[in-house]
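First the structure, in the form of structure tokens, and then the observations on it.
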Number of protein chains: 2
Amino acid sequence: MLDIHFHYTGRRSTLLLSALKGRTMNVLIVYAHPEPKSLNGSLKDFAVTRLENAGHAVKVSDLYAMKWKASLDASDSMDGQASERFDPALDSKLAFENGRQTRDIAEEQDKLRWADAVILQFPLWWFSMPAILKGWVERVYAYGFAYGVGEHSDKHWGDRYGEGTLAGKRAMLMVTTGGWESHYAARGINGPIDDLLFPIQHGILYYPGFDVLPPFVIYRTGKVDEARFAKALDALGQRLDALWTAKPIAYRRQNAGAYDIPELTLRADMAPGQAGFGVHIE
Amino acid sequence: MLDIHFHYTGRRSTLLLSALKGRTMNVLIVYAHPEPKSLNGSLKDFAVTRLENAGHAVKVSDLYAMKWKASLDASDSMDGQASERFDPALDSKLAFENGRQTRDIAEEQDKLRWADAVILQFPLWWFSMPAILKGWVERVYAYGFAYGVGEHSDKHWGDRYGEGTLAGKRAMLMVTTGGWESHYAARGINGPIDDLLFPIQHGILYYPGFDVLPPFVIYRTGKVDEARFAKALDALGQRLDALWTAKPIAYRRQNAGAYDIPELTLRADMAPGQAGFGVHIE
């Protein structure tokens with residue numbers, strides 16, 4: 001599998017070599033917390049400093065500070081609604097193809113193109129990302145940019161889940177939550193953290209091509225004293241240092257033979273008898 | 001288990017009897033699609049008519065039409081930020097307790113109190129609800145209203161997951177998606193639909209007390225012709241007719257003995273050896 005990956009995402013090996021040689025890499029942090037003086041604000045500042053001190057270039061999309069427009073609608077095209085009936089996918093496609101997306105959307109897409117690695121940082125609110133960040137995904141992930149990309153046939157169901165515009169780049173979640181780690185354990189009442197994050201890590205990051213690193217999660221944020229904060233920074237620092245070398249989650253590639261197309265169900269001989277999110281990891 | 005339920009949610013039996021006697025029930029539809037002339041718009045109109053024709057009272061929170069503010073921030077309190085540092089939970093608590101929430105939030109809470117059943121209706125965007133609806137949850141689900149409710153001790157970890165402000169009410173998701181049903185099957189590439197919806201059904205609806213009915217899902221929305229549309233309306237009509245009698249998903253109650261407190265992990269003798277979202281259903 002390594003050979004296939006090496007062959008396919010040529011860019012990844014370049015990226016790794018560059019990082020090991022100490023070359024400057026580009027990191028985009030998409031940050032969604034309303035309070036700069038929060039734990040999240042501190043973690044974000046620490047991350048920027050750590051990455052910059054290692055010689056990398058960092059951009060931060062601070063969604064609250066930018067007053068990011070959260071709701072996708074017809075005004076996301078400079079032409080307004082394309083026809084009598086607003087169609088989220090079709091209107092997005094037209095605006096993207098014709099260079100008529102609003103400037104805030106186009107700028108975020110440029111940052112994604114520029115980045116070698118992307119970090120989505122947010123507090124877990126109601127077991128998912130805050131609305132403002134979800135709205136960033138919905139508006140920036142245009143048709144033709146993040147979906148509706150590539151050949152669509154009985155052998156290749158679009159460039160997605162391992163291929164796509166953002167292939168060769170790395171992504172990681174930085175998440176905080178008030179609940180205890182045990183509440184998010186395999187049998188914890190909230191559900192396992194990896195399963196709660198699957199729709200984001202697999203459905204939002206892996207879908208347009210990112211290699212997804214395991215998430216960095218801080219639990220029980222209401223009880224972060226100086227000692228725990230120092231520990232958290234230490235752990236985060238190590239994760240940031242390993243951004244180019246850590247092993248991504250081994251999600252299965254959609255078009256590489258593991259799935260029947262067009263059903264897109266996992267072939268019967270792969271993880272036989274199993275079901276659920278877990279079967280999509282090799 | 002039926003007996004315990006009967007004993008606990010006394011209101012449910014009243015509700016059931018009332019419905020069977022043909023009494024008027026109150027239904028709130030929280031609807032999140034930007035285009036009235038969409039499939040979602042048609043389904044919403046159909047649902048309103050069907051419920052009203054059955055004698056029920058219906059309110060619709062049409063989030064796009066209301067220009068619902070999606071992003072939670074300090075301006076959600078009429079007093080603005082409570083202290084030098086905005087704290088999403090603490091500021092929400094103060095505004096709720098002191099009657100200083102903005103009017104849009106308080107009105108939605110009133111609608112929730114009024115409702116016997118709540119339907120969240122939305123297109124599945126990036127494997128979750130649209131940002132505008134997520135922002136409705138974040139802002140309307142105030143501290144003291146939807147969380148931070150009830151005794152918090154070593155025996156009772158707050159009124160949640162089966163108890164809470166909205167106990168005795170029913171909730172159901174109405175979801176549309178462009179993908180095929182097989183893509184959302186047990187081994188489908190997107191992940192099983194029930195697992196994708198778990199953070200919403202269990203984490204957002206069951207958490208503050210709702211009894212959650214199985215979701216109503218329409219797949220492959222790009223290929224809905226007249227025949228499929230008629231079929232969908234027929235199926236939806238039956239689900240709406242059964243809103244008071246259908247069996248809710250049997251999520252386990254947090255404070256009824258199935259979970260160790262405060263770890264909130266499922267007791268070792270319940271669903272032994274199993275893990276994941278599924279263990280939280282009896």
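Tabulated values for the structure
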{"item": "Every residue from segment B:94-117 that is under 21 Å from the mean Cα position of the chain (by Cα) and either without any contact (Cβ under 8 Å) to a residue 24 or more places away in the chain or open to solvent by 30 Å² or more (accessible area, probe 1.4 Å) (or both)", "result": "B:Phe96, B:Asp104, B:Ala106, B:Glu107, B:Asp110, B:Lys111, B:Arg113, B:Trp114"}
{"item": "Subset tally (residues that are free of Cβ contacts under 8 Å to residues at least 40 places away in the same chain, within 11 Å of another protein chain (Cβ to nearest Cβ) and on the phi > 0 side of the Ramachandran plot) for segment B:120-160", "result": "1"}
{"item": "Verdict on A:Phe86 being open to solvent by less than 20 Å² (accessible area, probe 1.4 Å), without any contact (Cβ under 8 Å) to a residue 24 or more places away in the chain and not in a helix (DSSP H, G or I)", "result": "yes"}
{"item": "Every pair of residues 6+ apart whose Cβ atoms lie under 7 Å, when the first sits in segment A:253-265 and is touching a residue at least 12 places away in the same chain (Cβ under 8 Å) and more than 7 Å from chain B (Cβ to nearest Cβ) while the second is open to solvent by less than 30 Å² (accessible area, probe 1.4 Å) and of a type in the set (Lys, Arg)", "result": "A:Ala258/A:Arg252"}
{"item": "Residues that are charged (D, E, K, R), on the phi < 0 side of the Ramachandran plot and either in a helix (DSSP H, G or I) or open to solvent by 60 Å² or more (accessible area, probe 1.4 Å) (or both), drawn from segment A:204-230", "result": "A:Lys223, A:Asp225, A:Glu226, A:Arg228"}
{"item": "Among residues of segment B:118-147, those that are aromatic (Phe, Trp, Tyr), open to solvent by 10 Å² or more (accessible area, probe 1.4 Å) and either touching a Cys at 6+ places or on another chain (Cβ under 9 Å) or in a strand (DSSP E or B) (or both), counted", "result": "3"}
{"item": "Selected residue (only one of B:Gly191, B:Gly168, B:Gly179, B:Gly150 is in a loop (DSSP other than H, G, I, E, B), surrounded by 21 or more Cβ atoms within 10 Å (Cβ to Cβ), among the small types (Gly, Ala, Ser) and at pLDDT 95 or above)", "result": "B:Gly191"}
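Rundown of residues vs (1) touching a Lys or Arg at 6+ places or on another chain (Cβ under 9 Å); (2) at pLDDT below 95; (3) within 12 Å of chain B (Cβ to nearest Cβ), yes/no style:
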{"residue": "A:Gly22", "(1), (2), (3)": "no, yes, no"}
{"residue": "A:Leu28", "(1), (2), (3)": "yes, no, no"}
{"residue": "A:Glu52", "(1), (2), (3)": "no, no, no"}
{"residue": "A:Val58", "(1), (2), (3)": "no, no, no"}
{"residue": "A:Ser92", "(1), (2), (3)": "yes, no, yes"}
{"residue": "A:Asn98", "(1), (2), (3)": "no, no, no"}
{"residue": "A:Lys111", "(1), (2), (3)": "yes, no, no"}
{"residue": "A:Ala115", "(1), (2), (3)": "yes, no, no"}
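The values are calculated or read from the model by the stated rules, or taken from the named source; none is laboratory data. Remember, it's a predicted structure, so these values are computed and weren't measured experimentally. Neighbour counts run over all protein chains shown; Cβ positions are idealised from the backbone, glycine included. For accessibility, only protein heavy atoms count, side chains too; no ligands or nucleic acids. Shrake-Rupley method; radii C 1.70, N 1.55, O 1.52, S 1.80 Å.
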